[in-house]
2 protein chains.
Amino acid sequence: MSNKFLSLTNLNFLLFEVHQLERFLKHHYYSHQDKEAVDMMILSAMKIAEKHLHPYLKEMDRQQPELKNGEVISHKQIKKITSVFGESGWYSATISLDEGGLQIPHLVDSAANLIFMAANNGTYGFTGLNAGVSNLILKFASNELKEKFVPNLHIGKWQGTMALTEPQAGSSLGDISSSASRTSEEGEFKIKGQKVFISAGDLQHPENIVHMVLARIEGEPEGTKGISMFIVPKFRFEKTKLVSNDVKTVGIFHKMGQKATPTVHLAFGEKKNCIGYLVGEPNEGLSYMFELMNEARISVGIGAAGMASAAYYMALEYANERSQGRVAEAKDSVDQVSIIDHADVKRMLLKQKSIFEGCMSLILQAAAYADQVKTKEGDLRDHYQLLLDLLTPVVKTYPSEKGIESVSEALQCFGGYGYCEDFSVEQLYRDIRITPIYEGTTGIQSLDLLGRKVLLKNGKGMQLLSKEFEFTLRDASQFEELNEITAIFDAGADELKKVTQHLLAFAMRNKIDRYLADASVYMELFGLVCVGWQWLKQGVVITDACRTNVENLENPFYLGKIQTMKYFFNYEFPKTHSLSSTLKSDHDITLLTDKSWLE
Amino acid sequence: MSNKFLSLTNLNFLLFEVHQLERFLKHHYYSHQDKEAVDMMILSAMKIAEKHLHPYLKEMDRQQPELKNGEVISHKQIKKITSVFGESGWYSATISLDEGGLQIPHLVDSAANLIFMAANNGTYGFTGLNAGVSNLILKFASNELKEKFVPNLHIGKWQGTMALTEPQAGSSLGDISSSASRTSEEGEFKIKGQKVFISAGDLQHPENIVHMVLARIEGEPEGTKGISMFIVPKFRFEKTKLVSNDVKTVGIFHKMGQKATPTVHLAFGEKKNCIGYLVGEPNEGLSYMFELMNEARISVGIGAAGMASAAYYMALEYANERSQGRVAEAKDSVDQVSIIDHADVKRMLLKQKSIFEGCMSLILQAAAYADQVKTKEGDLRDHYQLLLDLLTPVVKTYPSEKGIESVSEALQCFGGYGYCEDFSVEQLYRDIRITPIYEGTTGIQSLDLLGRKVLLKNGKGMQLLSKEFEFTLRDASQFEELNEITAIFDAGADELKKVTQHLLAFAMRNKIDRYLADASVYMELFGLVCVGWQWLKQGVVITDACRTNVENLENPFYLGKIQTMKYFFNYEFPKTHSLSSTLKSDHDITLLTDKSWLE
């Protein structure tokens, strides 16, 4: 198996050159660390990944968790992984120093997560959730609850989960039926209900599991308005002892991939003895959960980009080593060439590289916005929050959808071997397929983008994003080497603007169904333009560096970047033409179809 | 699990209305059967599928074959399936009456195969191969060999395989190193070599396995010119007894999907006691094998379309039954709607329907050409053969590539449940991923299309295909209801012509590498235009039928066809724009990339 799963050269290029991490390190909030400290953190993340995550990728797939006598039997490496994360502080990396965290920039945290998930994407189920859950408690819960739950989550002794979905309420959270009834204790409720698809919902090794549960307090309104959030641990404190809290694992899901993480069906309060601790105010559960959901959505994008990166380096190694066939100009040669010498194999590799490196840059763009939010104030802070909100569903979806294509091309590079278990690329192909589903399907993300984010504050987010495009176009206009690419991007960005106007006309005429009917197609166009933007940004940095130092024109990393950017704009970006043609065509096809027509 | 895997209404529509099967039944070669007989055959295929194939889909995936003490343990239903196929004559369906076959039209045979593979695609590994191998022996081997091997293949007592690939020679067949040395017996050779990825290469139940092996006779030229074909049975006759023929199963491949079929690694002649019987002339092995390969390629397309069909009906059933969320105009309703009421779910269903029904029509188009070849003579026969040759790589590739997308959309309709083993859609997602790989990867098919088929006889095939498009355009021009769609198709067909001219200019300047660099992208455009053509053909038939009988305008089948055609031309077909933009852009991106740029 290839040992490379991610390029540190590329990651550092994106962090320091493209997204200019150092400007944040100058801000007082982050000034307790310098570039050297960040370099050390990235290297330490890489070491953790190489030692504790990557070697277990295959094994954790093969030994899938099972439910035996009501207990989940899970892989023993999970214990090691969670304790290493606890010890090294990654669970609380973006938490403030005051609250016991490392207070590192989101850019660095996202970069580390790219490393971890490229090495072994299954770890997101534990590490990503744990960090998210403790952030959530710190943000909204009482000091008492913080003290009770956060420290053990931060050191990885306990595991956090998010428990939203119910059998009858998946995407439609307003329909959850889990209930909470008041007890005589202030802030303590009896919880009753069923939750499904709970990642890491039960594990063998952590001493406790901390579920963030959405439930409706008795008497509160139906729908999304009456949902509250509770901390419901597997074991609760009675005085100083941990006792069972009536949370039962009643089923385990056997999945196509993502087998490292147990995904379970939980029953809360079957014996009427399950206590939940209210987080924050009643009926505010959904808005709190969206904090975690937004983080989780970005994590899904990170995982998808990470998997595509890992699959790429497997394919690259194979393509260099595997001999097969001859190239056209040396048809009669005795020796076979490495398959990487075939144009079509290079095309498949460039496609992957253009997708996952573009995705990584977009992910780090979102992280940079999160850092702007932390380091700016007033209107400027709001602007960056709006940009982050706008990009969040895109950062989840584009890497997920295109990451699948990318891993599929990696598998294709292996030919028949890619279909077999000997190599891990087939595992990544199975693993990555979850990404357009969990933490909100592509359909849901697309409705969020077009139905909420584009409309937010009278379209202010879209205006700000256009400005961002313009800044990059202005930078690019200084380099005639980029003229052709710049023109292609400019036209695509313009197309997105026109399509948005075209669709908004339906919204203004109150044809909401029609406005939203092609939201998923719009999402594809939107993502494509955003990733094009990130490639142009990279192009500017590279071209500038080559002008500053002509030796860079012989640097394979720089040359590879230029070639991959060209690939993206010649092969991927032209899809803007067909997407905008679809989005602007005058039809109601998906609205008018009678069900019986589909039989 | 949904019991529906294919629509007979659609299949009969394609057979009789679109591809006009009855015109072939009038020809003396096929006149021993009438429409009623064909209807009976299709119904009988459906019964076999429903009784013997479909109920075992999941089970055959779960109980994957294993190699134990040198023996392959495979699913016991295989024995039943092969004997049912033998008894009902499907192994020899297209063989002439004289040679013991049923002499049925290829259209009917392809339709039956669509049924079988939609029900349980794994059966292709047995049934498809058996029919192909016996066809091959009948076509090229001596009468003695025919008598020895064909009858037992036809009744399903023996199993046929194709043994081409070697560890160092996958796509590059000229590099095979298996050898054949003459014995004192005329036509008998000692075989020595290793073959990998042999589907159904060893099975528990058939009494014998008949391998069609490519090997080089000692002293014959290197490369493709010196390859001969041999029949190498697992057990050979010595007088009237079957004795071991020194064919050993040395490994079994554990695959991501397609688990019903054992895929094995075989060693021939390890004890120097493996006899192969020469088929036809020495050094003609590759050209013979291409007969079987061409059949196999079309079978792969059939399998892919079949799987996409099966996944669609699973998704359709789920979408009708699963309640979730509300539609925009009734946001505050108490009851949730079926997810099929959401536009995005309808979009996903229409996408699938537009892909697999379009693919089925293209597959049957190729079958109709095969029937033309059987029933025409002289130039006309050659024309249809050329059209069949041109379409063969497309019929393999488009259903494979787009079938994956289609099954993926089916999985997406299930949300998280689609990712779990409870439903079989995840199995189909794994199963279908082999289709762009085996029997020649998409890259190889694309080189065949652009590098051979387009150039054949000075581009005569392309001219004939353009004529075929024109016939359909002429038919469509009679119906103003089709004006918009007709114009879209016309523009796409024209784009294909222009792109072909653009690329041919490279070939004429002897820039063969550049000519072929984007063959896979060309293939995608070519496939899209061909399937567009098939949708327009269907549109003509439907529109005509609605004019003839206005009641058809209330028939859900007809309305669904019209809507699906509109979907195809508004959502899928516009991809011609981006593909042609990529193909016409002036670059050498995939040729100029230095390997080190990809690190």
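The values are calculated or read from the model by the stated rules, or taken from the named source; none is laboratory data. What you are looking at is a predicted structure, and each value in this text was computed from that prediction instead of being measured. Note that we place each Cβ from the backbone using ideal geometry, even for glycine, and neighbour counts take in every protein chain shown.
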For segment A:3-25, which residues satisfy the criterion of being surrounded by fewer than 18 Cβ atoms within 10 Å (Cβ to Cβ) and assigned to a helix (DSSP H, G or I)?
A:Leu8, A:Thr9, A:Asn12, A:Phe16, A:Glu17, A:Glu22, A:Arg23
Of the conditions (1) surrounded by fewer than 24 Cβ atoms within 10 Å (Cβ to Cβ); (2) under 30 Å from B:Ser424 (Cα atoms), the single one that B:Thr161 does not satisfy is (1)
Just wondering, is there one or more residues in segment A:425-440 that are over 18 Å from A:Ile302 (Cβ atoms) and either among the hydrophobic types (A, V, I, L, M, F, W, C) or touching a His at 6+ places or on another chain (Cβ under 8 Å) (or both)?
yes
Counting only residues in segment B:428-456 that are within 12 Å of another protein chain (Cβ to nearest Cβ) and more than 20 Å from A:Glu409 (Cα to Cα), the one nearest to the chain's Cα centre (by Cα) is identified as B:Leu450
Lone qualifier among B:Lys566, B:Lys537 - being within 9 Å of chain A (Cβ to nearest Cβ) and in a helix (DSSP H, G or I):
B:Lys566
With the checklist (1) out of contact with any Cys (no Cβ under 6 Å at 6 or more places or on another chain); (2) surrounded by 20 or more Cβ atoms within 10 Å (Cβ to Cβ) in hand, flag the one item A:Thr375 doesn't pass.
(2)
State whether one or more residues within segment B:26-33 are within 14 Å of B:Asp109 (Cα to Cα) and surrounded by fewer than 21 Cβ atoms within 10 Å (Cβ to Cβ).
yes
So B:Asn283 passes all but one of these: (1) among the polar types (S, T, N, Q); (2) in a loop (DSSP other than H, G, I, E, B); (3) crowded, with 22+ Cβ neighbours inside 10 Å. Which condition number does it fail?
(3)
So in segment A:224-265, with the set limited to residues that are touching an Asp or Glu at 6+ places or on another chain (Cβ under 6 Å) and more than 16 Å from A:Asn69 (Cα to Cα), which one is surrounded by the most Cβ atoms within 10 Å (Cβ to Cβ)?
A:Gln258
Looking at segment A:418-454, which of its residues are part of a helix (DSSP H, G or I), among the β-branched types (Val, Ile, Thr) and under 27 Å from A:Thr161 (Cβ atoms)?
A:Ile432, A:Thr442, A:Ile444
State yes or no: is A:Gly303 in contact with a Ser or Thr (Cβ under 9 Å, 6 or more places away or on another chain) and farther than 23 Å from A:Phe235 by Cα?
yes
What residue, of A:Val84, A:Val108, is among the β-branched types (Val, Ile, Thr) and either under 25 Å from A:Ser31 (Cβ atoms) or out of contact with any Phe, Trp or Tyr (no Cβ under 9 Å at 6 or more places or on another chain) (or both)?
A:Val108
Just to be sure before I move on: is A:Gly459 within 11 Å of another protein chain (Cβ to nearest Cβ) and out of contact with any Gly (no Cβ under 6 Å at 6 or more places or on another chain) in the structure I sent?
no
Is it the case that A:Glu572 is among the acidic types (Asp, Glu), surrounded by fewer than 23 Cβ atoms within 10 Å (Cβ to Cβ), within 8 Å of chain B (Cβ to nearest Cβ) and touching a helix residue (DSSP H, G or I) at 6+ places or on another chain (Cβ under 8 Å)?
no
For segment A:73-88, what are the residues that are buried (at least 18 other Cβ atoms within 10 Å of the Cβ) and outside any helix (DSSP H, G or I)?
A:Ser74, A:His75
Of the numbered conditions (1) surrounded by fewer than 19 Cβ atoms within 10 Å (Cβ to Cβ); (2) at pLDDT 95 or above; (3) within 14 Å of chain A (Cβ to nearest Cβ), B:Ser408 fails exactly one; give the number of that condition.
(1)
Can you find even one residue in segment A:301-313 that is in a helix (DSSP H, G or I), within 13 Å of another protein chain (Cβ to nearest Cβ) and not polar (S, T, N, Q)?
yes
Among the residues that make up segment A:116-126, is at least one of them within 14 Å of another protein chain (Cβ to nearest Cβ), within 30 Å of A:Gly403 (Cβ to Cβ) and free of Cβ contacts under 8 Å to residues at least 40 places away in the same chain?
no
Tally, over segment B:356-390, of residues that are within 14 Å of chain A (Cβ to nearest Cβ) and not aromatic (Phe, Trp, Tyr)
1
For a quick check of your reading of the model, give me the residue pairs whose first member lies in segment B:553-568 and is within 18 Å of B:Lys402 (Cβ to Cβ), whose second is outside any helix (DSSP H, G or I) and at pLDDT 95 or above, with beta-carbon atoms closer than 9 Å and at least 6 apart or on different chains.
none
